[in-house]
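The values are calculated or read from the model by the stated rules, or taken from the named source; none is laboratory data. Fair warning: this is a prediction, and the values are worked out from it, not measured in the lab. Note that we place each Cβ from the backbone using ideal geometry, even for glycine, and neighbour counts take in every protein chain shown. Side chains included, ligands, DNA and RNA excluded: accessible areas come from the protein's heavy atoms. Shrake-Rupley method; radii C 1.70, N 1.55, O 1.52, S 1.80 Å.
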Amino acid sequence: MATHVHTCPLCEATCGLRIETENGSIVSVRGDEEDVFSRGFLCPKAHGLKALEEDPDRLRRPLVRRDGELREASWAEAWQAVEEGLAPLLEQHGRNAVAVYLGNPSAHNLAANVYAPVFLKALGSQNIYSASTVDQMPKQVAAGLMFGTMLSVPVPDLDRCGHLLVLGANPLVSNGSLMTSPNARGRIRDIRKRGGKVVVVDPRRSRTAEEADEHHAIMPGTDAHLLFALVHTLFDEGLATVRGEPGGAHPANGGPLAAHCEGLEEVERLAADFAPERVAAVCGIEAGEIRRIARELAAAERGACYGRIGTCTQEFGTLASWLVDVVNILTGNLDREGGAMFTRAAAAQRNSSGAPGAGKGVKLGRWRSRVRGLPEAFGELPVVCLAEEIQTPGEGQVRALITVAGNPVVSTPDAERLDRAIAGLDFMVSLDIYVNETTRHADVILPGPSPLARSHYDLALYQLAVRNVANYSPPLWEPEADLEPEWQALLRLTAIVTGQGADADIDAIDDFVIDGLIQRAVGDPQSPLAGRDPAAVREELDGRRGPERALDLFLRAGPYDLTLDELERQPHGVDLGPLIPRIPEVLRTPSGKIELAPEPIVADVDRLRASLARTRNGGLVLIGRRQLRSNNSWMHNLRPLVKGKDRCTMQVNPVDAERLGLVDGERAQLTSDVGSIEAPVEVTDAIRAGVVSIPHGWGHDAPGVRLTVARDHAGVNSNVLADGSLFDPLSGNAVLNGIPVEVAPA
Ligand code: SF4
């Protein structure tokens, strides 16, 4: 029996695990009590790791479509098929003819974090899509405009917070989302044990709401209205802390945060139209309650406002994300202990362009989608555009698709249309471990090693952790058979799209990549490597290759003087301390200030103001919900996570159930403007009247899918109902919460 310490690779919470193995098989999975961050916590999904490792449906060999069937092939055959499929399309139709979709697991994959950007740059297509625009893009756009980069997202300092206001998030189930916080349940319970308060705003009484001091069941899609009313109250009642002349004291560190803010007066002007008394009917929360929520957060010694997916996947997603941080700033809680703070990650890919506190800021809309003209954000287009870009003939039409650990047919809006569109592509290649609803259409599937057969360091999400930590896990074991590591597959794709061919020297390309990264590091005046001889830095990294070499570089270029050698010596992780104030050093806006009223956001407030005059027609709206044993679409083939009662149900309030003749346990028909599905009814007062909820990521009964367990627990695909014409215009994020539906007994 051997015991391995390994960071759980399944989600962003980065829990430390102790995995016992015997003869190459997992015997048990427990939380690692010595892990510096998770301290022994793990969630039920970790118990799915054994099933994932042993899953007979997980691909161990490439598949190539022959005579209409996906059949096992050698790697050489598979790469030859990729080259024969992609090269002529690129030659004849140009770079934009090839689209890429990156799924959520890519965000936690060290190889994808380092090498997907390399591949995307080499491909040079404007048709890049990802799960970001069905999830968190509004947060990134708001953070980019306010603070200067897409990852300068403040996170609640949970461990010292005394008053937490949560909107549209369920951290007790997610363990944080854009807030890496293993054991969020324990951390949030501790707020209350310290005498603090937790307030949850959510259309559904989620598990987090159940453990909170207060739950306010808001109408879906109205978080921006509510947040603006909080801002209005703060100004109206003289509670806004960061006002007045530069030099006004920041309550936490004595520093003048006001001196680092621009646009306070503009925010006050904009908030004037959103008095609580005016928005109460829209939100479904009484004006007096709204004012009290604002007063209590302002009065709290250490408070934080945190908004997540429910606030993002709606038509005012960027406004809501912006207002979350406006509230944090106006209550004096930004950048102070126990408030909303910026993580100081050990290994950040640097985005610096000068002195601390100034940068290039972000540029949005550098190109637009061909058909609808929607703007790019951070190098990608909204995924609501993908189907029409495939189906609409003309110059620049998407003819080929490359998916990386993604299942957009299940994860993104107007699912049936996208399914048809993908089926009509000239060519498709997928880097994926399963034949799922999307990859069943591929011409070639290239499987990577299992998650435990690769190393793990969450390069992206450690930048949003509630404590500064670093933890590297080497692979638990060798990949099965001759599975090619993903970083090599991404570089081989790079070679193909740059005309070097699948037989190119991958190591030489990797050397080229690391040299580019070294140049950036030594050219960054804030890096400890600034001004160093690149050749000498390269020499220090020798002995490693691939993602490990890049990670070693990022650690050396980071703020803690760490190396990968040191992380390898500390398998339970390195604790780099609690979050610390970082303003102005963290800012990268051109002004070097916090931009409280960025022009694109100010311009969008008109749309929100106009929505105040809307009248509700009394119909139902659909929202999603997060589940402890499910993470998007991809773990439903793991029996330990899907056994038991059917979890893909339509929750409905008893009042609506009675009115519509819906019976618990029977089936309901849901119809939206774009589709219709049937789901089992679950009558519960956990959901507010006027709202129904179905978890997303289900619907595994399509022909050709090779997911034996998932097929037995298929559920329904709620994204069949999501209308691709509904999106947040600033970020392009899809509207997945607040979809108008009609519901009747099936
Ligand atoms: S919360 Fe996430 S990282 Fe932690 S055990 Fe569960 S799946 Fe793994």
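Of the residues making up the range 625-656, those that are surrounded by fewer than 22 Cβ atoms within 10 Å (Cβ to Cβ), more than 16 Å from the ligand (Cβ to nearest atom) and not in a loop (DSSP other than H, G, I, E, B) are 639, 651, 654, 655, 656.
Entry remark, the range 1-19: residues being within 14 Å of the ligand (Cβ to nearest atom) and in contact (Cβ under 8 Å) with a residue 40 or more places away in the chain number 13 in total.
When the range 40-69 is limited to residues that are among the acidic types (Asp, Glu) and over 27 Å from residue 628 (Cβ atoms), the one that is surrounded by the most Cβ atoms within 10 Å (Cβ to Cβ) turns out to be 69. Considering the range 105-151, the residues that are hydroxyl-bearing (Ser, Thr, Tyr) and surrounded by fewer than 24 Cβ atoms within 10 Å (Cβ to Cβ) include one that is nearest to the chain's Cα centre (by Cα), namely 106.
Residues checked against (1) closer than 30 Å to residue 588 by Cα; (2) assigned to a loop (DSSP other than H, G, I, E, B):
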| site | (1), (2) |
| --- | --- |
| 165 | yes, no |
| 177 | yes, yes |
| 192 | no, no |
| 195 | no, yes |
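The single residue among 259, 240, 249 that is modelled with pLDDT under 95, assigned to a helix (DSSP H, G or I) and more than 16 Å from the ligand (Cβ to nearest atom) turns out to be 259. The single condition among (1) modelled with pLDDT of 95 or more; (2) open to solvent by 20 Å² or more (accessible area, probe 1.4 Å); (3) out of contact with any His (no Cβ under 7 Å at 6 or more places or on another chain) that residue 227 does not meet is (2).
Here residue 463 fulfils each of the conditions (1) closer than 26 Å to residue 733 by Cα; (2) surrounded by 24 or more Cβ atoms within 10 Å (Cβ to Cβ) apart from (2). Among residues of the range 610-629 being within 20 Å of residue 721 (Cα to Cα) and among the small types (Gly, Ala, Ser), the one that is nearest to the chain's Cα centre (by Cα) is 624.
Here's the yes/no breakdown for (1) modelled with pLDDT under 95; (2) under 15 Å from residue 554 (Cα atoms):
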| site | (1), (2) |
| --- | --- |
| 429 | no, no |
| 432 | no, no |
| 436 | no, no |
| 468 | no, no |
| 480 | yes, no |
| 483 | yes, no |
| 498 | no, no |
| 520 | yes, yes |
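Does any residue of the range 721-728 turn out to be within 28 Å of residue 136 (Cα to Cα), out of contact with any strand residue (DSSP E or B) (no Cβ under 7 Å at 6 or more places or on another chain) and of a type in the set (Ser, Thr, Tyr)? Within the range 721-728 (the criterion being within 28 Å of residue 136 (Cα to Cα), out of contact with any strand residue (DSSP E or B) (no Cβ under 7 Å at 6 or more places or on another chain) and of a type in the set (Ser, Thr, Tyr)), the answer is yes, since at least one residue qualifies.
Given 233, 208, which one is assigned to a helix (DSSP H, G or I), on the phi < 0 side of the Ramachandran plot, in contact with a helix residue (DSSP H, G or I) (Cβ under 6 Å, 6 or more places away or on another chain) and within 16 Å of the ligand (Cβ to nearest atom)? Going through 233, 208 in turn, the sole match is 208.
Selection over the range 20-39 of residues that are within 13 Å of the ligand (Cβ to nearest atom) and either part of a helix (DSSP H, G or I) or surrounded by fewer than 16 Cβ atoms within 10 Å (Cβ to Cβ) (or both) gives a count of 1.
Let's see how each residue does on (1) in contact with a helix residue (DSSP H, G or I) (Cβ under 6 Å, 6 or more places away or on another chain); (2) at pLDDT below 95:
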| site | (1), (2) |
| --- | --- |
| 347 | yes, yes |
| 379 | no, no |
| 391 | yes, no |
| 416 | yes, no |
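Filtering 49, 59, 102, 63 for residues that are touching a residue at least 24 places away in the same chain (Cβ under 8 Å), among the hydrophobic types (A, V, I, L, M, F, W, C), on the phi < 0 side of the Ramachandran plot and within 12 Å of the ligand (Cβ to nearest atom) leaves a single hit, 49.
Of everything in the range 309-333 that is farther than 21 Å from residue 602 by Cα and under 22 Å from the mean Cα position of the chain (by Cα), the residue that is surrounded by the most Cβ atoms within 10 Å (Cβ to Cβ) is 310. Checking 398, 410, 383, 326 one by one, the residue that is touching a Phe, Trp or Tyr at 6+ places or on another chain (Cβ under 7 Å) and in contact (Cβ under 8 Å) with a residue 40 or more places away in the chain is 383 and no other. Restricting the range 603-624 to residues that are over 26 Å from residue 412 (Cα atoms) and in a helix (DSSP H, G or I), which is nearest to the ligand (Cβ to nearest atom)? By that ranking, first place goes to 605. For the range 719-746, residues that are more than 30 Å from residue 366 (Cβ to Cβ), of a type outside the set (Val, Ile, Thr) and open to solvent by 10 Å² or more (accessible area, probe 1.4 Å) total 5.
Every test in (1) modelled with pLDDT of 95 or more; (2) open to solvent by 10 Å² or more (accessible area, probe 1.4 Å) is passed by residue 555 save one, and that test is (2). For residue 520, the stated conditions do not hold, so it cannot be described as open to solvent by 30 Å² or more (accessible area, probe 1.4 Å), in contact (Cβ under 8 Å) with a residue 40 or more places away in the chain and under 30 Å from residue 91 (Cβ atoms). Of all residues in the range 3-19, those being assigned to a strand (DSSP E or B) and either basic (Lys, Arg) or at pLDDT below 95 (or both) number 1. Could you check the range 523-546 and list, in sequence order, the residues that are surrounded by 13 or more Cβ atoms within 10 Å (Cβ to Cβ) and not in a helix (DSSP H, G or I)? Once the filter is applied, which keeps residues that are surrounded by 13 or more Cβ atoms within 10 Å (Cβ to Cβ) and not in a helix (DSSP H, G or I), the range 523-546 yields 523, 524, 526, 527, 528, 529, 530, 532, 544, 545. Residue count for the range 490-512, restricted to those that are within 27 Å of the chain's Cα centre (by Cα) and farther than 13 Å from residue 80 by Cα: 3. Please verify whether residue 278 is out of contact with any Gly (no Cβ under 9 Å at 6 or more places or on another chain) and either without any contact (Cβ under 8 Å) to a residue 12 or more places away in the chain or not acidic (Asp, Glu) (or both), treating the condition exactly as stated. The answer is yes for residue 278.
Selection over the range 599-617 of residues that are within 17 Å of residue 363 (Cα to Cα) and open to solvent by less than 10 Å² (accessible area, probe 1.4 Å) gives a count of 1.
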